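**Q** The structure's right below; bear with me while I get my questions together.
We did not get these values from a lab; they are worked out from the coordinates using the rules stated. None of these values were measured; they are calculated from a predicted model. Counting neighbours? That spans all protein chains shown, and the Cβs are built from the backbone with ideal geometry, glycine included.
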Amino acid sequence: MGGLLRRYWMPIAAVSEFDSKSIKPVRLLGENLTLYKDLSGTFGLVDRHCPHRRADLAYGFVEQCGIRCNYHGWLFDQDGHCTEQPYEDVANPQARYKDKIRITSYPVETRAGLIWAYLGPEPAPLVPDWEPFTWKNGFVEIVFAEVPCNWFQCQENSIDPLHFEWMHMNWSVRLGDKVGPYSPRHLRMEFEEFDYGFVYRRLREGMSESDPMWTTGRVCLWPNTLFTGDHFEWRVPIDDLNTLSVTWAFTRVPKEREPYVQGKIPAWHGPVRNEARDDRNGGEWISSHIMNQDFVAWVGQGVVADRTKEHLGSSDRGIILQRQRFLNDLEAIARGEDPKAIIRDPAINRSIQLPVAERKLLVDGLMRAELLAHPILGHHYAGDYVFQAGRPAEVATAFKEAMGI
Ligand code: FES
Ligand SMILES: [Fe+2]
């Protein structure tokens, strides 16, 4: 599975994080790496350790081109070449020892305010240009969380419509110290594969068959993403036992605020654990926000969920389809073929359309009063960031300013 996942670009950081620093240590797919932005503005991703005597490059410093080790000054560019060895270059220049030194390096690209890395075999495919990345008049924020469990149980949550009713709706009722009423029940669920993943559609009590949740649905986006129309959630494997949750959330400004052009896309890390034990909620994990509730499910399944002890039911058809598709993809890469949803054609990679239930609202916008009254998106405008706990005050201020609330 590691070999399969390496064939996809992974979002690992936000561009705006590098407004205040030039180096960030990252761990991705089991490798310790150093992400940096040099003085000319080029991003690079290299090994965490210097190939001289293994000093930590997260404590290095960047130059016009590349990152320099703080121990003896060896300098490396974004392609992994050693371009300076200050003492060797003076003492023994004819040896050109630096030409024999390479540091592990991986391609990085920026898109939609995110920094993406590719750790797979060449030639690298394209970083997907999903349609929402090109939408206008939106306030975008990027949110991270480190979740201490395997990425795949997180991704299985991306094709699990039923949990919405219980984990987010009904559990929230109980967390609010009420015993009811519970939310409308799921009556039907459908799953359909398409080029970039699976669509899941749900029909709940009281819902008409013309409801966009039934006609359009939501997207389990390949290979490690949930896409709900206004936000993406990537489950990026840090290693087998830890996942970096990366959210890219788009909130449409009211029509009164158009044209709105966002200066920079803010990024923040949210906490996952309660600082003080909260016995009512089981104690350890924050449960107040939608994705924090998901995290409770994921870590609760164990560091790596033991599938031999599961009892799948008819609500789990999507889980089974997803597992089967990954098994088929493992066979595909063994045959030397691309797995699902690899994009190589630049003509295709232009604002790729995905199923979006609320596209008209998100693209064309609504007046403020209509947005606030919207049954699904309305509460996004009411105050706090709904998906994750811990939005910093300065991001909240920028959000309110953008929305005019
Ligand atoms: S350990 Fe990096 S230059 Fe010596
Ligand atoms: Fe969820």
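**Q** Note the per residue figure in Å³ for the convex hull of the C-alpha positions in the chain.
**A** Working: hull volume 68.7 nm³, N = 405.
Cα convex hull per residue, to the nearest whole number: 170 Å³.
**Q** For the chain, which cysteines have no disulfide-compatible partner, meaning no other cysteine Cβ under 4.7 Å?
**A** C65, C82, C149, C154, C220
**Q** Spelling out what I want: for every residue of segment 222-239, take phi, set θ = phi - 60°, compute 6.51 cos²θ - 1.76 cosθ + 1.60 (Karplus), and round to whole Hz; glycine and proline get x.
**A** Along segment 222-239, the couplings run 6, x, 9, 9, 9, 10, 10, x, 9, 8, 10, 10, 8, 10, 9, x, 6, 7 Hz.
**Q** Report the FRET efficiency, 1/(1 + (r/R0)^6), for D195 and R96, where r is their Cβ-Cβ distance and R0 is 56 Å, rounded to 0.05.
**A** Details: r = 49 Å, r/R0 = 0.87.
Between D195 and R96 the formula returns 0.70.
**Q** Where does each of 353-363, 288-298 land if you order them by average Cβ count within 10 Å, highest first? Don't skip to the answer; put the middle values down first.
**A** On the way: 353-363: 17.6, 288-298: 21.3.
In descending order of packing, they fall as 288-298, 353-363.
**Q** Please quote Rg/Rh for segment 1-133 to two decimal places, taking the Kirkwood radius as Rh and restricting both calculations to Cα atoms. Numbers along the way, then the final one.
**A** Values: Rg = 15.5 Å, Rh = 15.5 Å.
Rg divided by Rh gives 1.00.
**Q** From the mean inverse distance of alpha carbon pairs (Kirkwood) and the Cα radius of gyration, derive Rg over Rh for segment 253-392.
**A** Numbers: Rg = 20.8 Å, Rh = 20.0 Å.
Here the Rg-to-Rh quotient is 1.04.
**Q** Taking the Cα centroid of segment 218-271 and of segment 130-188, what is the distance between the two, rounded to the nearest whole Å?
**A** What the calculation gives is 13 Å, centre to centre.
**Q** What full-extension length gain, to one decimal in nm, is calculated for R174 and I405 as 0.36 nm per residue of separation minus the Cα-Cα distance?
**A** Working: separation 231, 0.36 × 231 = 83.16 nm, distance 2.99 nm.
Working it through step by step, the gained length comes to 80.2 nm.
**Q** Among the lysines, select those whose C-alpha is under 22 Å from the C-alpha of K400, and discard any that sit fewer than 8 residues away in the same chain.
**A** K136, K255, K264
**Q** H72: net charge of surrounding residues, Cβ under 10 Å, Lys/Arg +1, Asp/Glu -1, itself excluded? Write out the running numbers ahead of the final one.
**A** On the way: positive: R53, R68; negative: E88.
Counting the neighbours of H72, the net charge comes to +1.
**Q** Here is a further query. What is the extension gain from I376 to H269, computed as 0.36 nm multiplied by their sequence separation minus the C-alpha to C-alpha distance, in nm to one decimal? Don't skip to the end; give the middle numbers.
**A** On the way: separation 107, 0.36 × 107 = 38.52 nm, distance 2.48 nm.
The I376-H269 span can extend by a further 36.0 nm.
**Q** Next up: Using the Karplus curve 6.51 cos²θ - 1.76 cosθ + 1.60 with θ = phi - 60°, work out ³J(HN,Hα) for each residue of segment 381-398 in order, rounded to whole Hz, and write x for Gly and Pro.
**A** Karplus-based 3J(HN,Hα) across segment 381-398 equals 9, 6, x, 5, 5, 7, 7, 9, 6, x, 4, x, 4, 5, 6, 4, 5, 4 Hz.
**Q** While we're on this one: Which far-off residues, 5 or more places away or on another chain, put their amide H under 5 Å from the one on G197, with H placed in the peptide plane?
**A** Those qualifying (amide H under 5 Å, at least 5 residues apart or on another chain) are W222.
**Q** If you plug each phi of segment 57-71 into the Karplus form 6.51 cos²θ - 1.76 cosθ + 1.60 with θ = phi - 60°, what whole-Hz ³J(HN,Hα) values come out, in order, with x for Gly and Pro?
**A** 3J(HN,Hα) across segment 57-71, in whole Hz: 6, 5, 9, x, 9, 8, 10, 3, 10, x, 10, 10, 5, 7, 8.
**Q** Calculate, in whole percent, how much of the Cα-Cα pair population of segment 41-109 lies beyond 15 Å. Working shown, then result.
**A** Values: 1096 of 2346 pairs.
Considering segment 41-109, 47 percent of its Cα-Cα pairs are separated by more than 15 Å.
**Q** Could you line up E205, E190, E233, E88 from fewest to most neighbouring Cβ atoms inside 10 Å? The partial results should precede the final answer.
**A** Values: E205 10, E190 14, E233 25, E88 18.
The order, fewest Cβ neighbours first, is E205, E190, E88, E233.
**Q** With r defined as the distance between the Cβ atoms of S288 and H81 and R0 fixed at 60 Å, what FRET efficiency is calculated, to the nearest 0.05? Spell out each step's value before the answer.
**A** Values: r = 48 Å, r/R0 = 0.80.
That gives a FRET efficiency of 0.80.
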